[in-house]
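The next block holds one structure in the form of structure tokens; read it before the comments.
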């Protein structure tokens, strides 16, 4: 009798089973181990509204947070990948986001660092990304705000509700 393909032969074909297994494994849902940036857009919008920062300014502060002390050349080097703003360094210095740690003397270049205010804000951002609720005492919760502010306000309410629910599940 000729070797005829039947369902029984197909099931016994190990190559085909491996293929099916691989396909199945690719479609199984695996919970991600890191989910920090899920609400990044909401938190970034909240920070920008509350503190009056632009997105490139916030990104610069996030970069400088781990640099501790930096030179103006370090600042300018990272700034090259951002939107063009000639006054960014001077504005951040003037507005109190960075300050002079060591003045220029002779051949020594000036060194700068983030201010306490900047460090505190970035620490708050990390706390929010790690699941701390966003306070409803901020400019987005005022009565006369734009439509997009209202949309983000509703998203913050949903985020806070999800955080509270997650905390209840942990306690049980």
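Applying the condition of being touching a helix residue (DSSP H, G or I) at 6+ places or on another chain (Cβ under 8 Å) and within 17 Å of residue 113 (Cβ to Cβ) to the range 74-90 and asking which residue is surrounded by the fewest Cβ atoms within 10 Å (Cβ to Cβ) yields 76. Considering the conditions (1) out of contact with any helix residue (DSSP H, G or I) (no Cβ under 8 Å at 6 or more places or on another chain); (2) modelled with pLDDT of 65 or more; (3) surrounded by 10 or more Cβ atoms within 10 Å (Cβ to Cβ), residue 21 is excluded by exactly one of them, (2). I'm trying to understand the selection: among the residues of the range 105-155, which are touching a strand residue (DSSP E or B) at 6+ places or on another chain (Cβ under 8 Å) and surrounded by 11 or more Cβ atoms within 10 Å (Cβ to Cβ)? Across the range 105-155, the qualifying residues are 110, 111, 112, 113, 114, 115, 118, 122.
Selection of first residues in the range 143-171 that are over 16 Å from residue 41 (Cα atoms) and of second residues that are in a helix (DSSP H, G or I), restricted to Cβ pairs under 8 Å at least 6 apart or on distinct chains, gives the following pairs, ordered by first then second residue: 145/139; 145/153. Going through (1) farther than 30 Å from residue 153 by Cα; (2) under 23 Å from the mean Cα position of the chain (by Cα); (3) assigned to a helix (DSSP H, G or I) one by one, residue 62 falls short only on (1). Based on this model, can you work out whether residue 99 counts as on the phi > 0 side of the Ramachandran plot, in contact with a strand residue (DSSP E or B) (Cβ under 9 Å, 6 or more places away or on another chain) and surrounded by fewer than 16 Cβ atoms within 10 Å (Cβ to Cβ)? In short, no. So, in the range 66-86, exactly how many residues are part of a helix (DSSP H, G or I) and without any contact (Cβ under 8 Å) to a residue 24 or more places away in the chain? Total meeting the criteria: 5. Residues that are assigned to a loop (DSSP other than H, G, I, E, B) and closer than 28 Å to residue 46 by Cβ within the range 87-128 comprise 87, 95, 96, 97, 115, listed in sequence order.
The values are calculated or read from the model by the stated rules, or taken from the named source; none is laboratory data. Remember, it's a predicted structure, so these values are computed and weren't measured experimentally. Virtual Cβ from ideal backbone geometry, glycine too; neighbours counted across all protein chains shown.
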